[in-house]
């Protein structure tokens, strides 16, 4: 039976109350996030609080975390209070659409968004909300970030490949520019199934370049991780199975 908790190097995350458990997507996104210089950060759909905690470990930012699910907020509150950074993370039980931000601008916004569209719904309502985009559309995300990113602020997000392309197209049309992207392959024989993307506000008077990369998680043997994945996540994972 799987554990109801996940031990990282500097913090522990319980996830027994959350609809969505800790997964590779969030760990990839948090480890890849370029947030070290950020003074303010927002974690949208915090769930267990894992991304807020990863950002807290990587920066000195004052972090705001929101989630529509009351059980998730309770779980995140416990995890954050048991971490070294409880004084830097504030939680709000709210949807993004109804969120009244305590600050006008954020230097960093991060989210592992719901991305199941037009597919069968999970029988559990909370899991359905966490997994499906019905209540948090790409347009909702882009509109909020366009309004609340600071001049040099960044948005970091992860999507399946097809939805990532769709999100980038909508973002370009609405003034967000892709600075970095990283295609993620589960193993060497598979095509990329996720894309990590970093956006900033588009600047019209200077040339902007998208830095592209690729990472493979496993070597082809289950739980045998590539050196590049271990290097990316080394500040968080306690150990690896080789």
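Taking the average, over residues, of other Cβ atoms within 10 Å as the packing measure, peptides 31-37, 160-166 rank 31-37, 160-166 from highest down.
Packing order of peptides 195-202, 42-49, highest average first: 42-49, 195-202 (average count of other Cβ atoms within 10 Å over each peptide's residues). Taking the centroid of alpha carbons for each part, the stretch 206-234 and the stretch 11-89 are 22 Å apart.
Pairwise Cα separations in the chain fall into 5 Å bins from 0 onward with the following percentages, short to long: 1, 6, 14, 18, 21, 18, 13, 6, 2, 0, 0, 0.
Only counting other Cβ atoms within 10 Å, I'd like 184, 203 sorted with the fewest neighbours first.
Values: 184 24, 203 12.
The order, fewest Cβ neighbours first, is 203, 184.
The protection proxy used here, the mean number of other Cβ atoms lying within 10 Å of each residue, ranks peptides 71-77, 22-28 as follows, highest first: 71-77, 22-28. Based on C-alpha pairs under 8 angstrom that are at least 6 apart in sequence, the chain has a relative contact order of 17 percent. Counted over the stretch 156-242, the DSSP beta bridges are approximately 70% antiparallel. From its DSSP helices (H runs of at least four residues, each -39,500 (n - 2.57)), the chain gives a residue-normalised ellipticity at 222 nm of -8000 deg cm²/dmol.
Since every read-out is calculated from the coordinates, none of them should be taken as a lab result. Since the structure is predicted, the reported quantities are computational estimates derived from the model, not experimental observations. As a convention, Cβ positions derive from the backbone with ideal geometry for all residues, glycine included, and neighbour counts pool all protein chains shown.
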